[in-house]
Amino acid sequence: MIPIARPDLGPEELEAVTEVLGSGMLAQGRKVAELEERWAEYIGVRHAIATANGTLALMSIFSGIGLEPGDEVITVAHTFAATANAILYTGATPVFIDIEPDTYLIDAKKIEAAITPRTRAICPVHLFGLVADMDMIRAIADRHGLIVVEDACQAHGATFRGRKAGSFGHGAFSLYATKNMTTAEGGFVTTNDDRLADWLRLYRNQGMRARYQFEILGFNFRLTDLAAAIGLAQFAKLPRNIARRQAIAATYDEAFADLPVRLPVTPDGRHHVFHQYTVDVGEARDAILAELREGGVGADIYYPIPVHRQEYIMERGLHADLPVTDAAAARTLALPMFPGITDDEQRQVIEALRTSVLRHADNAGKDATAGTASEAGVAAR
């Protein structure tokens with residue numbers, strides 16, 4: 001089975017971990033500080049604060065900006081549940097709006113209609129490796145005095161008009177095993193807010209600045225030096241792996257250009273890093289997915305049940321009418337996308353998708369022809 005993702009791990013990571021094990025300094029230490037410094041410089045912000053995972057990065061931001069019950073955050077339901085969960089963690093309420101049909105990102109034109117006196121923040125999700133329309137989102141946020149929290153958990157190195165994801169507001173990144181860059185588990189907060197950065201460093205470290213002196217209520221959200229060592233090795237590979245992902249996507253684009261499917265788009269001024277390669281294959285999606293898997297292609301769905309359709313969200317009365325989101329959940333699938341995919345493996349993926357899509361398109365055409373003939377027969381009688 002060709003997997004949907006495979007981490008790019010090799011001797012560099014092994015050597016880095018071995019060095020840390022030999023040093024005896026396993027918890028948050030020099031490697032974490034080095035990784036934070038490099039990531040802040042890469043994103044173009046003053047601060048990067050490492051956390052134990054990406055969900056904690058989001059939770060920490062929402063706590064740090066002072067969200068509380070009664071506050072609202074405008075976001076999307078076409079995302080991993082952690083986006084909404086991090087908002088709910090503070091007692092605040094996620095307000096879901098629909099996505100664009102071609103990028104699958106937050107439809108910025110719908111944001112202002114969702115703003116109320118309780119709105120505190122906008123949380124765009126840079127899904128699949130593509131940055132949302134940050135010009136429009138920043139303009140709306142500035143006009144209404146709102147905070148921007150970027151869920152950049154899938155957008156390592158992605159840019160909008162030359163600026164990297166995570167630099168337009170307070171950014172959250174995931175370093176989970178299948179992300180474009182990994183520490184096995186881990187995350188970052190990126191920010192230019194000195195006060196928030198200082199608070200976050202306390203918050204993730206049990207509220208301590210000095211040993212056993214607790215300044216605030218905090219928790220253990222720290223990243224280990226073992227994880228940071230992996231992250232430093234991964235960071236060195238990131239430019240190469242972004243280029244590889246883009247080449248894989250270009251090959252897919254060319255191979256599927258003649259199919260009756262909707263391929264990923266990259267609007268002008270944006271740099272797509274292809275955490276996922278997502279295709280709208282139409283109403284036969286579930287059958288096509290089953291055939292791909294039967295053929296040894298580990299395709300998957302991101303995400304089959306949108307957040308606003310999850311039971312625990314609906315029980316909270318957080319209803320939303322999101323037809324584009326629902327359509328994306330019903331019609332799209334993601335193909336294997338990772339730097340180590342071989343040419344032979346990609347050819348197998350391409351052949352499997354082409355065969356399945358064309359079969360279902362042919363069957364749909366026959367069904368339509370049969371229906372027309374049947375209707376004509378009824379009319380003749």
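The values are calculated or read from the model by the stated rules, or taken from the named source; none is laboratory data. It should be emphasised that the depicted structure is a prediction, and the values quoted were computed from it without experimental measurement. Here Cβ is always computed from backbone atoms with ideal geometry, including for glycine, and neighbour counts include all displayed protein chains. Remember, those area values only see protein heavy atoms, side chains included, never the ligands or the DNA or RNA. Shrake-Rupley method; radii C 1.70, N 1.55, O 1.52, S 1.80 Å.
Quick notes on this structure:
- Residue in segment 27-43 that is farthest from GLY298 (Cα to Cα), counting only those that are in contact with a Ser or Thr (Cβ under 9 Å, 6 or more places away or on another chain) and surrounded by 14 or more Cβ atoms within 10 Å (Cβ to Cβ): GLY29
- Contact map, segment 320-341: first residue open to solvent by 10 Å² or more (accessible area, probe 1.4 Å), second residue among the basic types (Lys, Arg) and not in a loop (DSSP other than H, G, I, E, B), Cβ cut-off under 6 Å, separation 6 or more or different chains; pairs are ARG331/ARG285; PRO339/ARG244.
- Any chance ASP300 is open to solvent by 80 Å² or more (accessible area, probe 1.4 Å) and not basic (Lys, Arg): no
- Of the criteria (1) exposed (fewer than 13 other Cβ atoms within 10 Å of the Cβ); (2) modelled with pLDDT under 95, which one ALA364 fails: (1)
- Listed by position, the helices (runs of 4 or more DSSP H) enclosed by segment 82-154 that each have at least 1 residues that are open to solvent by 30 Å² or more (accessible area, probe 1.4 Å), polar (S, T, N, Q) and at pLDDT 95 or above are 82-89.
- Selection status of THR278, closer than 18 Å to ALA352 by Cα, under 20 Å from the mean Cα position of the chain (by Cα) and not in a loop (DSSP other than H, G, I, E, B): yes
- Within segment 256-289, the only residue that satisfies the criterion of being under 17 Å from VAL131 (Cα atoms) and small (Gly, Ala, Ser) is GLY269.
- Residue pairs whose Cβ atoms lie under 9 Å apart, sitting 6 or more positions apart in sequence or on different chains, and linking a residue in segment 45-66 that is on the phi > 0 side of the Ramachandran plot and open to solvent by less than 20 Å² (accessible area, probe 1.4 Å) to a partner that is at pLDDT 95 or above and not small (Gly, Ala, Ser), do not occur here.
Yes/no matrix, rows are residues, columns are (1) touching a residue at least 60 places away in the same chain (Cβ under 8 Å); (2) surrounded by fewer than 19 Cβ atoms within 10 Å (Cβ to Cβ); (3) in contact with a Ser or Thr (Cβ under 6 Å, 6 or more places away or on another chain); (4) part of a helix (DSSP H, G or I):
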site: ALA247; (1), (2), (3), (4): no, yes, no, yes
site: TYR252; (1), (2), (3), (4): yes, no, no, yes
site: ALA255; (1), (2), (3), (4): yes, yes, no, yes
site: LEU259; (1), (2), (3), (4): yes, yes, no, no
